[in-house]
1. ³J(HN,Hα) across the range 108-122 via Karplus (A = 6.51, B = -1.76, C = 1.60, θ = phi - 60°), whole Hz, x for Gly/Pro?
2. Name all residues of the range 92-122 having a backbone nitrogen under 17 Å from the label point set 7 Å from the Cα of Gln75 along its Cα→Cβ direction, giving them as ranges.
3. Which of the peptides 85-95, 33-43 is most tightly packed, and how do the rest follow, going by the mean number of other Cβ atoms within 10 Å of each residue?
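Just so it is clear, none of the values below were taken in a lab; they were calculated from the coordinates. Note that the coordinates shown come from a computational prediction; the quantities given were computed from them, not determined experimentally. A quick note on method: Cβ atoms are made from the backbone with ideal geometry, for glycine too, and the neighbour counts reach across all protein chains shown.
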Amino acid sequence: MRAFFVASAALLLASTFPPALAAPVSGATFMFESGTSLLAKCHNKAPEYRLACTAYIVGVVDGIRKDLFIGRGRQLCWPERMSADEARNIVVAYLEKWPDQQPTPASVLVSVALNDRYPCQK
């Protein structure tokens with residue numbers, strides 16, 4: 001039953017949100033989500049938009065941790081466990097603090113925001 005709900009929610013979200021078409025960062029960079037469009041979803045009061053915001057951030061975090069697991073990522077100093085709400089709050093605060101970075105691909109900004117919050121000690 002849970003798998004059905006998750007699959008249904010994913011289909012609903014995919015049909016609800018068109019890909020974000022932000023200004024290219026360099027040349028012809030394509031991205032599904034920019035910091036601008038992610039922040040708009042995060043600020044939206046509709047539960048499905050907030051869910052899309054959180055799900056995107058969690059997906060990026062999982063992707064970064066997967067790269068680290070298979071030996072393709074760089075060292076992270078993030079907590080071993082982090083709630084989805086905590087990750088979302090960190091990313092939203094970063095995007096609000098640095099509005100000039102919002103046109104950047106959101107996946108990059110998620111990583112930058114978390115690395116800014118949890119820097120590795122040198």
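1. Here the 3J(HN,Hα) series is 5, 5, 4, 4, 4, 4, 6, 5, 5, 6, 10, x, 6, 6, 9 Hz.
2. 115-122
3. Result, highest mean Cβ count within 10 Å first: 33-43, 85-95.
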